[in-house]
Every structure is written in structure tokens, then in C-alpha cells.
1. About the Cα centre of the chain, how large is the charge dipole given +1 on each Lys and Arg Cβ and -1 on each Asp and Glu Cβ? Please answer in debye to the nearest 20.
2. For a quick check: with amide H placed at 1.01 Å from N, whose amide H comes under 5 Å from F13's, ignoring anything fewer than 5 positions away on the same chain?
3. Report for the chain the percent antiparallel among DSSP-assigned beta bridges with both residues inside it, nearest 5.
4. At a threshold of 8 angstrom on Cα-Cα distance, excluding pairs fewer than six apart, so keeping six or more, what relative contact order does the chain reach in percent?
5. For each pair in K114/K147; K114/K140; K11/K147; K42/K212; K11/K42, compute the distance between the two Cα atoms and list the pairs where it is over 22 Å.
6. Across the stretch 184-201, in residue order, what do the Karplus-derived ³J(HN,Hα) couplings come to in whole Hz, using 6.51 cos²θ - 1.76 cosθ + 1.60 with θ = phi - 60° and x for Gly and Pro?
7. Can you compute 3J(HN,Hα) from phi for each residue in the stretch 213-221, using the Karplus curve 6.51 cos²θ - 1.76 cosθ + 1.60 with θ = phi - 60°, rounded to whole Hz and x for Gly and Pro?
8. Mind checking which of H210, H304, H151 has the largest fluctuation in a GNM of the chain, springs on alpha carbons under 10 Å?
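Values in this text are rule-based calculations from the coordinates and carry no lab data. On a predicted model such as this, the values are computed, not experimentally measured, just so you know. So basically every Cβ, Gly included, is an ideal-geometry build from the backbone, and we count neighbours across all protein chains shown.
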Amino acid sequence: MEIIETHELTKEFNGLVAVDRVTFSVKRGEIFGFLGPNGAGKTTTINMLTTLLLPTSGRAYISGFDVVREAAQVRRRIGLVPQEIVLEGDLTARQNLLFHGMLYGMSRREVEEKIPELLELVGLRERADSKVRTFSGGMKRRLELVKVLVHEPEVIFLDEPTIGLDPQTRRKIWEYIQILNRERDVTIFLTTHYMEEADYLCDRICIIDHGKILDIDTPRKLKDRIGEGDIIEVEVSGKGERFAEMLAKECGCQIKKVEGNSITVSAKRGEYALKEIFSLADRLGVEVASISVREPTLEDVFIHYTGRSIREETTAGGSMMKYLARRLKH
């Protein structure tokens, strides 16, 4: 059963299309990932789905309720963890949860009964009466995760939930997200530009770039779909363009990327291709400085669809957001 549905959902800002007629659905109980660089339209989509932003056109539904015409019903059924921490630093963890619950019309008693269990869920029970300004970034993010559980939402929207966190803390947040999904039976809608995060957490992934959906499927099927076998990365002496051309011509490799003396190719049979690459290098007098073989990743899927890595697009996305901010001022 679909708990989120969108149909031709579009958002324009002064003629600039940030989200371009996106149509998708999310099944109840899924962890659904929205994967794309900064500026791709991820946060704008979340803001429309959570009633914070009106669509320019198209429709969206949460649990069957229209996000525009039935916004109040939608808000009762969702929780949002934005990129920015929105906790009150001078309040304790307990007081932050109490304040949030009362905003949703819950009684003090109702919220206080939930607090010990919620804080235990993310390992913060011992810090219940500590002021939040004394918390680390990871602790604040964990408190944000359980804060949205106070009113028992059906769907939680997580907008770049681990951005700015160190790898160890990021992994812990992943564990808590899985707990919320499995033990609390909450549907998770997650935006991220971290490939590993999307691959690890998500049941299905929607790849979005420049406001358009490029593909939707499970991480495994997305990687299988490009159908290019193993990925081989080679570093050679001198410029790699000529050697890359010969690889494609004589070794049956498909060129994915050439940057200076670094070459990325794909081959149906990676082990066989390695022998061919070394043989070609010997014949051409080219020194192979390093070589590696791996299975395709979501980064390879993104490059397959866009011709660029998500890291390159993330930088471009920052410029897009600055441009959008300037347009909105005028």
C-alpha cells in the first residue's frame, strides 16, 4: 500500500524550475531514498510533501490526504528532521520532547510517559536533564530523531540526516534510523547525497538531478541495470586519452571516465580484462602505476545517467542554491 504518492509535482521559483513534474510512490514501511547532489530538488520536494511549500502544479498525498487541501491532516501524520538542528539549546532533552509534544496538542502526562523510552531508544536516557547546548552534534541529531516520534507519526522525513557528522557518528545514526523503521514500523523518506548511505539504508532509491527523476528501483537493481560488469580503475604514465582509446578498441572495455592519467572503464569479465590491459600496456610501452577492480556502485549509476560524478554535481549544486537565493531576493 502506498503511503506517499506524487503526480507531476512541480515547483518553480521566478521561472526557475526546481522540481520538474516528479511522479513516484512510497510503500508503507519502506526506507525510501531521494539521492542526488545539492540543488537537485530534494529539499524542495520534502518541503512540498510536508506542507511547508505550495507546489506550482501537480498533486501529492500522504496517507491519502492531499498536501495542499488537507494540510492539517497531513501534518498530524508526519514528522520532519530538517538539515539544520532546531532544538532549544537552553532546554534539557526532556523539556525539548515535552515542548514538541505539547505543540501537537498532547497533554504533559502523555508526553512524560513516552520520554524515558524514547531517550533510551537513542542512548540518551542518562542525559535527559542535561541542557541540549552541552550535547555533541551527534547527540543533538539523535535527539532530533526521537523528537519527531513523540506524536507517533506514520512517516518521518529525514533531510540529509548525517550531513556534517564524522563517519563513526554517521554509522550510529544509520542504526537508529533502521530501529525507527523496523521496531516502530515508521516509513522513512530520506534525502542524501551520500552514496554509501543510500546503498546501506534504502529499500528503494529515486535518483534525481536538476529537478528530474532519472530512475527508481532497489540499490541492487539500479546497479545491475547499467549492465556493464566490473569497474576497472587504471592509472598510467603520461596522458590517458590515447591508452583509453586503445582499451576500448582492443580490449572491449567501455570508457566511463578519463581524468589526466586516470582511466575508469567497465568490462563484462574483469579478470580477463586485466590481462588484456597489461598486455596492451606492454605493447604500447605504457607503465601501469596502479589498477583495481570492483563491482559497480551507486556512484557509477549516477555517472551512467548524468555523465558526471555526484561530487562534481554537489559543487555545482551549491552554486545553483546561491543563484536561486539571489533570484528570490528580486
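1. The dipole magnitude comes to about 800 debye.
2. For F13, the qualifying residues are A18.
3. Details: 38 of 56 bridges.
The answer is about 70 percent antiparallel.
4. Working: 600 pairs, mean separation 67.3, N = 330.
About 20 percent, as a whole number.
5. Beyond 22 Å between Cα atoms: K11/K147.
6. Whole-Hz 3J(HN,Hα) from phi for the stretch 184-201: 9, 6, 9, 6, 10, 10, 10, 9, 7, 10, 8, 4, 4, 5, 5, 5, 6, 8.
7. Rounded to whole hertz, the list is 7, 9, 5, 9, 4, 5, x, 4, 5.
8. Looking only at H210, H304, H151, the biggest GNM fluctuation is shown by H304.
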